[in-house]
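See structure below.
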Amino acid sequence: MPPKDKTTPGRIHTLLDRSTAAWLILAIGIGLTIGLWQYSDTQVSGRAQDRFTHRAEAAKNLLRSRMQAHEQVLRGGAALFAASDSVSRAEWKAYVEARELERSLPGIQGTGFAVQVPAGTLGAHLDEVRAEGFPDYAIHPPGERDPYTSIIYLEPFADRNLRAFGYDMFAEPVRREAMERARDTGLPAVSGKVTLVQEFGPEVQPGFLIYLPIYARGTTPATIEGRRTALAGFVYSPFRARDIMLSIFADSLRDADVALFDGSPSAEALLFASAADTRGARFTVEHPMELGGRTWVTRFSSTSAFERDNASAEPGLILFGGTTLSLMLFALMNTNAHHRRRMQAAASRLTQSRDEFRTLVENVPGVVFRCQVAAPWAVIHISRDIEILTGAPPEEFTTRQVSFGDFIVPEDFAPIEAAIEQAVQRRTSYEVEYRMQNRNGETHWVSERGHVFLGREGQPLWLDGVIIDVTERKQAEEAIRNLAFIDTLTHLPNRRFLLDRLRQGLANSRRHGHHGALLFIDLDHFKAVNDTYGHEAGDRLLWEVAQRLRQSVREGDTVARLGGDEFVVMLEELGDQATEAREKGVAIAEKILAALNQPFEFEGTQHQNTPSIGVTSFSGEDERAEDLLRRADEAMYRAKAAGRNRLVAIDGTAS
């Protein structure tokens, strides 16, 4: 094994003492941060672009599907003409209504038929239509031309569509181009951008039409000349562009603004735009599509809602977090470089001071310590007696393996912190008592007296103090308290404690309007137990009765021993009415009666003992604790007079 390079730690320390290392770490950190930020931003943007492209493709397919559906409606109309010698106005109306287009294909302006009228038959045509009940019928716009194409059927035949009745679409160049294309190919033809003759008023919008030629004898001739000669008219559908596009793209407009162009994208070719301004959208997709012999271009631009939904905080967090971390490391290492030598000198002085302090405190009674001011009070110096108190040697405290907080009972943290905080504010010493639990699980009461040392600007630096074990004193105080308030045999509250609880219960009853009940329990023939089995058996019986009473009542109820064989149970918050409280009190008394009727066992012999129970309710109104206890006692004596082993209840008005 090669020998270790003993100069390596020294080189590391030398490097840390210089600011060059801090600047190097900053440069590396910033470089890595920018690289990760760019990579994350590219990934997030790519995922969002894919989602948007997919949604734009779906919307484009929906548009194509809808236009094909409208072509199928026109093919159905053509089939109607092919199947009949003639189609009447009523038959056309019935055909269109049967399609329920407003429900199945919303957004369509209408479905109609335009007949071709040679100039030589114009008069006969006018007479025929006027004879159907339209005396003012005329072909418009006026003028002589050959042939005419007049709209004679258009459903729904109401509102805007009435303006189109008799309109010669062949007279308008854009419509004429589409009609001639449909005539010569025999296929559906979509017109260019037009303003429908139905438009009027302030809500004028661009439109377009779809034409399908109708030939005489219902068949499509094989040649262009044959188709021109056999042409009888056109079935067609006019569309207001905004109306139909809103119905098609209704579910897409939250994620994308849609613009539809007839040909190359330009302001003149714009058929529909869902938004006036796409505000420099982050994602844009254009789809050219061939429909009815014309090329439409659909442009999908992402909305702020889509961009917000698909945005990610990840790139920003990487940039912010990486930059912050790099700066923090830089600041840390740079500060370390400036103060390292001073810290080493301070550490040497601290070691010397600690040794001197240790020599001083080893001869002081109790545990002498110096620790940090804030919880968990990490130790700086401590005497060896801490091992007696906690089971942990001083070295574990001074090396920060453990601290005072590891041995202090958690519930006692708050009073310790409050005492120290008050001492800091008043610049005085403090004294506080609390509990510590050693490694064997034993709990000791300790008294701590200390003083917080402050810096020049008043900031707490550390605290010095002494801890003394006062467990024996606390145990003596607890024993004195128990003698005053607790029955030593049953560990139940005694008469003095009970009267105090009764007064509290009556006050709560008055305050909240709740009713309660008091049970007075006396053991029947208890003296016979002492005479027969001895006083030790009698004591065991009383202890067992106390346990059964505790088990028979609720957790918050009070069970007390008055003395001898007399017990009292106080039941609070049994209801808002005296009757309800009395009934619940009687129910619990019956439960107690049954529990105390169970046999008791003395040295292998079972003994049956019974109680007499008096029950009374209370509400706290104009009532003293002594009077309430006296009334329950009276009810108990009535139970004894009635034959024992029973309960008697009297209400709160009995005297």
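The values are calculated or read from the model by the stated rules, or taken from the named source; none is laboratory data. Since the model is a prediction, treat every value here as computed from it, not as a measurement. Every residue, glycine as well, gets a Cβ built from its backbone with ideal geometry; the counts of neighbours run over all protein chains shown. Surface accessibility is based on the protein's heavy atoms, side chains included, excluding ligands, DNA and RNA. Shrake-Rupley method; radii C 1.70, N 1.55, O 1.52, S 1.80 Å.
Values for this structure:
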read-out	value
Hey, GLY366 modelled with pLDDT under 85 and closer than 22 Å to LYS474 by Cα or not	yes
Any hit, the stretch 572-594, residues being at positive phi, open to solvent by 50 Å² or more (accessible area, probe 1.4 Å) and in contact (Cβ under 8 Å) with a residue 24 or more places away in the chain	yes
Within the stretch 567-586, tally of residues that are under 16 Å from MET636 (Cα atoms) and either in a helix (DSSP H, G or I) or among the aliphatic types (A, V, I, L, M) (or both)	6
Subset tally (residues that are surrounded by fewer than 16 Cβ atoms within 10 Å (Cβ to Cβ), touching a residue at least 24 places away in the same chain (Cβ under 8 Å) and either in a helix (DSSP H, G or I) or of a type in the set (A, V, I, L, M, F, W, C) (or both)) for the stretch 183-213	3
Considering residues of the stretch 141-160 that are of a type in the set (D, E, K, R), touching an Asp or Glu at 6+ places or on another chain (Cβ under 9 Å) and farther than 11 Å from GLN198 by Cβ only, the residue least open to solvent (accessible area, probe 1.4 Å)	GLU155
Any chance SER237 is in a strand (DSSP E or B) and touching a Leu at 6+ places or on another chain (Cβ under 8 Å)	yes
Criterion: out of contact with any strand residue (DSSP E or B) (no Cβ under 6 Å at 6 or more places or on another chain) and either in a helix (DSSP H, G or I) or open to solvent by 10 Å² or more (accessible area, probe 1.4 Å) (or both) - qualifying residue of LEU502, LEU498, LEU461	LEU502
Residue count for the stretch 296-311, restricted to those that are crowded, with 18+ Cβ neighbours inside 10 Å and not in a strand (DSSP E or B)	3
Any hit, the stretch 589-598, residues being assigned to a loop (DSSP other than H, G, I, E, B) and more than 26 Å from ASN508 (Cα to Cα)	yes
Subset of the stretch 387-401 that is over 16 Å from THR443 (Cβ atoms) and in contact (Cβ under 8 Å) with a residue 12 or more places away in the chain - its residue that is nearest to the chain's Cα centre (by Cα)	ARG400
The stretch 600-630: number of residues that are free of Cβ contacts under 8 Å to residues at least 24 places away in the same chain, closer than 23 Å to VAL545 by Cβ and part of a helix (DSSP H, G or I)	1
Every residue from the stretch 314-337 that is loosely packed, with under 13 Cβ neighbours inside 10 Å and farther than 19 Å from ALA27 by Cβ	LEU317
Count of residues meeting criterion [of a type in the set (Val, Ile, Thr) and open to solvent by 80 Å² or more (accessible area, probe 1.4 Å)] in the stretch 40-68	1
Test result for GLU177, without any contact (Cβ under 8 Å) to a residue 12 or more places away in the chain and open to solvent by 60 Å² or more (accessible area, probe 1.4 Å)	no
Selection count, the stretch 100-157, where residues are among the β-branched types (Val, Ile, Thr), part of a strand (DSSP E or B) and modelled with pLDDT of 90 or more	6
Meets criteria (out of contact with any helix residue (DSSP H, G or I) (no Cβ under 8 Å at 6 or more places or on another chain) and closer than 26 Å to GLU590 by Cβ) for ALA528	yes
Answer from ARG456, ARG510, ARG550 - the residue that is farther than 27 Å from GLN608 by Cα, surrounded by 12 or more Cβ atoms within 10 Å (Cβ to Cβ) and under 52 Å from the mean Cα position of the chain (by Cα)	ARG510
Single match in ASP251, ASP257 (criterion: touching a Ser or Thr at 6+ places or on another chain (Cβ under 8 Å), of a type in the set (D, E, K, R), at pLDDT below 95 and closer than 26 Å to ARG103 by Cα)	ASP257
Of the criteria (1) within 49 Å of the chain's Cα centre (by Cα); (2) assigned to a helix (DSSP H, G or I), which one TRP543 fails	(1)
